[in-house]
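Asker: Below is a structure I'd like to ask you about.
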Amino acid sequence: YPKAFPPLYVNTVKAGETGGVLELVLTRLADFAEKSQRLNSRIKAALIYPALVLTMAVSVLFFLVTFIVPKFMQIFKEMNVPLPLITQILLVISDFAKNRWFIGLAIAIVLIILYKVLYGLTATRLILDRIKLDMPVMGPLLRKIAIARFSRTLGTLLSSGVPILQALMVAKDTTGNEVMARSIIRVHDSVREGETVAKPLLKAGLFPAMAVNMISVGEETGALDQMLLKIADVYDEEVDVTVTGLMSLLEPFLIIGMGLVVGFIVIAMFLPLFSLVTALGGGG
């Protein structure tokens, strides 16, 4: 049942049965699953509040643009009030949101499908994953998440008695990034030829120096599995701190962005009113 039990579980249980330590292996798998779930839960929990704020903001703006703005524009049209450029831009946006929203929805669906199709191709997936790792803010975070998952998976497999070459091929799939998976395949090939794990990782340049040094120490002391699990704990904590910090920064940016958009709408609607009041005053 591959959908229920990924290769990590199958290989770990197989090693436990072969070595006669199935009970110990299952306990380690349970710990692995709990810590992985804890990391995923932290990330999801941190994203809930910004997602709610963004949803409410978009809903309010959609209501303003599709129901309130057209009523003002109808008044201006009936009174032949000249519309400044900013108001004309708002009028175009309002018309699009009210009468042509399905075009935007269709474009969004096409872009999502196109992304999934391109991501399904190895060449484009490699380019897209490289872009993800090089992004200014999200890149380091995605790298830390990948390192934490890889380290915990490999450490769990090695501590359960799975051979290192087999463990590397299983652990590479947990990174969720084609670029990092390719570098781990090169590590696998180097280890098969007698190299250490740390040296090819250092050449790849994707793992931080601290993690590579810890892996090197683990290989020298014969405690690679324990060191990998320690690396996973360190990067799990870093991911938690980074996500919390990013979410705390995202909240004021959302508020400022919402304020700017609402300000744009208010200015665009009130400029014609000023023109109308001025014209009426001059006529009086």
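Asker: Answer yes if at least one residue in the stretch 191-205 is small (Gly, Ala, Ser), surrounded by 20 or more Cβ atoms within 10 Å (Cβ to Cβ) and closer than 30 Å to LEU246 by Cα, and no otherwise.
Answerer: There is no residue in the stretch 191-205 that is small (Gly, Ala, Ser), surrounded by 20 or more Cβ atoms within 10 Å (Cβ to Cβ) and closer than 30 Å to LEU246 by Cα.
Asker: One residue is enough: does the stretch 113-122 have a residue meeting the conditions within 16 Å of the chain's Cα centre (by Cα), at negative phi and open to solvent by 60 Å² or more (accessible area, probe 1.4 Å)?
Answerer: Yes, there is a match, as at least one residue in the stretch 113-122 is within 16 Å of the chain's Cα centre (by Cα), at negative phi and open to solvent by 60 Å² or more (accessible area, probe 1.4 Å).
Asker: Right, here's the next one. Condition first: over 29 Å from GLY19 (Cα atoms), open to solvent by 60 Å² or more (accessible area, probe 1.4 Å), touching a Leu at 6+ places or on another chain (Cβ under 9 Å) and of a type outside the set (Ser, Thr, Tyr). Can you find one or more residues in the stretch 182-190 that meet it?
Answerer: yes
Asker: Can I ask one more? Against the definition (without any contact (Cβ under 8 Å) to a residue 40 or more places away in the chain and crowded, with 16+ Cβ neighbours inside 10 Å), how does THR153 come out, yes or no?
Answerer: no
Asker: Next question. Within the stretch 246-263, is there a residue that is over 21 Å from the mean Cα position of the chain (by Cα), at pLDDT below 80 and either surrounded by fewer than 16 Cβ atoms within 10 Å (Cβ to Cβ) or in a helix (DSSP H, G or I) (or both)?
Answerer: Looking through the stretch 246-263, none of the residues is over 21 Å from the mean Cα position of the chain (by Cα), at pLDDT below 80 and either surrounded by fewer than 16 Cβ atoms within 10 Å (Cβ to Cβ) or in a helix (DSSP H, G or I) (or both).
Asker: Could you list, in sequence order, the residues of the stretch 208-235 that are more than 18 Å from LEU158 (Cβ to Cβ) and touching a residue at least 40 places away in the same chain (Cβ under 8 Å)?
Answerer: PRO208
Asker: Out of GLU219, GLU238, I need the residue that is open to solvent by 50 Å² or more (accessible area, probe 1.4 Å), within 18 Å of PRO163 (Cβ to Cβ) and part of a helix (DSSP H, G or I). Which one?
Answerer: After ruling out the rest, the residue left standing is GLU219.
Asker: What are the pairs with Cβ atoms under 7 angstrom where one residue, in the stretch 69-93, is among the aromatic types (Phe, Trp, Tyr) and the other, located anywhere, is part of a loop (DSSP other than H, G, I, E, B)? Sequence gap at least six, or different chains.
Answerer: PHE76/LEU83
Asker: Among the residues of the stretch 74-92, how many are closer than 12 Å to ILE265 by Cα and surrounded by 16 or more Cβ atoms within 10 Å (Cβ to Cβ)?
Answerer: 3
Asker: Right, here's the next one. What tally of residues in the stretch 185-216 results from selecting those that are assigned to a loop (DSSP other than H, G, I, E, B) and within 25 Å of ASP129 (Cβ to Cβ)?
Answerer: Count: 6.
Table: residues versus (1) in contact with a Lys or Arg (Cβ under 6 Å, 6 or more places away or on another chain); (2) at pLDDT 85 or above; (3) in a loop (DSSP other than H, G, I, E, B); (4) more than 30 Å from SER275 (Cα to Cα).
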site	(1), (2), (3), (4)
LYS77	no, no, no, no
ILE103	no, yes, no, yes
ALA123	no, no, no, yes
LEU128	no, yes, no, yes
LYS132	no, yes, no, yes
PRO140	no, yes, no, yes
ARG143	no, yes, no, yes
LEU154	no, yes, no, yes
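Asker: Then there's this: Would you mind stating whether VAL110 is modelled with pLDDT under 85 and part of a helix (DSSP H, G or I)?
Answerer: No; evaluated as a whole, the condition is false for this residue.
Asker: Go over the candidates ILE131, ILE103, ILE127 one by one and state the one that is closer than 30 Å to PHE207 by Cα and more than 16 Å from the chain's Cα centre (by Cα).
Answerer: ILE127
Asker: Quick check on this structure: which one of THR18, THR55, THR27 is open to solvent by 60 Å² or more (accessible area, probe 1.4 Å), within 26 Å of VAL243 (Cβ to Cβ) and part of a helix (DSSP H, G or I)?
Answerer: Only one candidate passes the filter, namely THR55.
Asker: Based on this model, can you work out whether ARG42 counts as in contact with a helix residue (DSSP H, G or I) (Cβ under 8 Å, 6 or more places away or on another chain), loosely packed, with under 13 Cβ neighbours inside 10 Å and either among the aromatic types (Phe, Trp, Tyr) or in a helix (DSSP H, G or I) (or both)?
Answerer: Against the criterion (in contact with a helix residue (DSSP H, G or I) (Cβ under 8 Å, 6 or more places away or on another chain), loosely packed, with under 13 Cβ neighbours inside 10 Å and either among the aromatic types (Phe, Trp, Tyr) or in a helix (DSSP H, G or I) (or both)), ARG42 does not qualify.
The values are calculated or read from the model by the stated rules, or taken from the named source; none is laboratory data. No experiment lies behind these values; they were computed from the predicted model shown. Every residue, glycine among them, receives a Cβ derived from its backbone with ideal geometry; neighbour counts consider all protein chains shown. Side chains are part of the model used for accessible areas, which takes the heavy atoms of the whole protein and leaves out ligands, DNA and RNA. Shrake-Rupley method; radii C 1.70, N 1.55, O 1.52, S 1.80 Å.
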